[in-house]
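Working notes for the structure below.
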Amino acid sequence: MVYLDYNATTPLAPEVIEAIKDSLHVAWGNPSSSHEAGVKAKSVIVTARKHVASMIGAKPSDIIFTSGGTEGNNWILRMALQYFHQGDNSENTNGCGDMNPQNQSKSRPRPHFITSNVEHDSVKLVLEQFEAQGLADVTFVPVSQSSGCVAVEDVLSAIRPTTVMVTIMLANNESGVIQPVPEICRSVKKLKRQAGETSRILLHTDAAQALGKIPVDVQDLGVDYLTIVGHKFYAPRIGAIFARDPSEGTPIFPLLYGGGQERNFRPGTENTPMIAGLGKAAELVCLHLEEYQQHMRKVRDYLETKLKEVFGDAVLFNGRFELSERLPNTCNVSFTGTKLRGHEILSRAPGVLASVGAACHAQDRPSHILLSMGVDESVAWRALRVSVGRETTTKDVDSAVAELSAALTTDA
């Protein structure tokens, strides 16, 4: 078995497992308790928060732990809705206005979101629901078919007086293409300054696929919010969000109400062992990112070279553009010399543990990501997303390519 699905989930790093075990044994107390067991648990959380903040160039106070990326993205998008309506309804105790479309006047303006047409479903489907429920207007900016990226100019052209948020993922989970988030953020802020407008457009990026693979620094990105997903960089299934200066700067509203944990922003007794694991994984990224990056790029490039040697012109690399950069570990490949679809190829190569796209997508349709990038539907049907990890070796690649070759050779 050769595991080549690291963009779906990474295994836990050995150091992360040890951190979780230690926390289970030593820091089992309630972090809100003032006795020794609680103090130990709180200390673990404080340390983890520092490591997560360091990983993205933030302050510990900017980090709020969540259950994962889907919660983080949903929460951030809903906060933009609340921000837009803040103060519109003085009777609303949380100051976010009435978000029930049935209670809103038809003449009342709706918030406007700008995103790309290649976002993860935890952004895409939320915004589609906002539209369907009459809560917001959304512009899905198409990516260029020559780069796989959204054009900064297209984002700027989509801005309206009611635009409340621009949310563009940092790196695509299927193609690996890295989006120009820093340029978008700088340009949006510049445009608002030049127009002399004081209204604020919130800026968000889902960094799930980028963390642990490329440098991620919120100061360079210029975002107000960033989504962190642990199981993409050898941490457990837990996450966090970055909100720049949440107490004074970036607006933040609680999604839940309860016991006051996470400064009342995200209440609920903290999952100390998983937070400990996330912190350790972030610490490893801080210490070894360049090493991880170089290894993954070397193995990924070797993989693409071997595929080209074996399959020649019958192999196409989706997402490999001259005009854009991509993640060092990601290869999206289509086999044109076969009638087999991607999932059928994998069923004939059971020793190759890869995917046809995002792990949460069905196999009854070609990837909308590839179609949005201009990939022909027949090519998209025959695509595989192959993603290597820290442990992947060239020997693993040789085994995987050999099995794929055997599977496709027997194609009738």
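The values are calculated or read from the model by the stated rules, or taken from the named source; none is laboratory data. Fair warning: this is a prediction, and the values are worked out from it, not measured in the lab. Positions of Cβ are generated from backbone atoms using ideal geometry, with glycine treated the same way; all protein chains shown enter the neighbour counts.
Observations, loosely collected:
- Number of residues in the stretch 31-51 that are in a loop (DSSP other than H, G, I, E, B) and either outside the structural domain of Pro273 (by TED's automatic domain parsing) or surrounded by fewer than 16 Cβ atoms within 10 Å (Cβ to Cβ) (or both) equals 4.
- Within the stretch 177-217, being within 20 Å of Asn74 (Cβ to Cβ) and modelled with pLDDT under 95 holds for no residue.
- Of the residues making up the stretch 317-338, those that are out of contact with any Asp or Glu (no Cβ under 7 Å at 6 or more places or on another chain) and either surrounded by fewer than 18 Cβ atoms within 10 Å (Cβ to Cβ) or outside any strand (DSSP E or B) (or both) are Gly319, Arg320, Phe321, Glu322, Leu323, Ser324, Glu325, Leu327, Pro328, Asn329, Thr336, Gly337.
- Taking first residues from the stretch 169-189 that are more than 10 Å from Thr205 (Cα to Cα) and outside the structural domain of Asp206 (by TED's automatic domain parsing) and partners that are aliphatic (A, V, I, L, M) and buried (at least 24 other Cβ atoms within 10 Å of the Cβ), no Cβ contact under 6 Å between residues at least 6 apart in sequence or on separate chains turns up.
- Conditions (1) more than 30 Å from Glu291 (Cα to Cα); (2) surrounded by fewer than 19 Cβ atoms within 10 Å (Cβ to Cβ); (3) not aliphatic (A, V, I, L, M): number failed by Ser122: (2)
- Any chance Thr70 is in the same structural domain as Gly212 (by TED's automatic domain parsing) and without any contact (Cβ under 8 Å) to a residue 60 or more places away in the chain: yes
- Output for the stretch 238-282, where each listed residue is in a helix (DSSP H, G or I), within 15 Å of Ala58 (Cα to Cα) and aliphatic (A, V, I, L, M): Ala282
- Pairs, first outside the structural domain of Ala240 (by TED's automatic domain parsing) in the stretch 207-219, second surrounded by 24 or more Cβ atoms within 10 Å (Cβ to Cβ) and in a loop (DSSP other than H, G, I, E, B), C-beta under 9 Å, six or more apart: none
- Failed criterion for Ile252 (all others in (1) touching a strand residue (DSSP E or B) at 6+ places or on another chain (Cβ under 8 Å); (2) more than 20 Å from Gly69 (Cα to Cα); (3) touching a residue at least 24 places away in the same chain (Cβ under 8 Å) hold): (2)
- Qualifying residues in the stretch 177-236 (those that are of a type in the set (Lys, Arg) and not in a helix (DSSP H, G or I)) - the one farthest from Ala13 (Cα to Cα): Arg200
- Within the stretch 175-208, the residues that satisfy the criterion of being under 23 Å from the mean Cα position of the chain (by Cα) and among the β-branched types (Val, Ile, Thr) are Val177, Ile178, Val181, Ile184, Val188, Ile201, Thr205.
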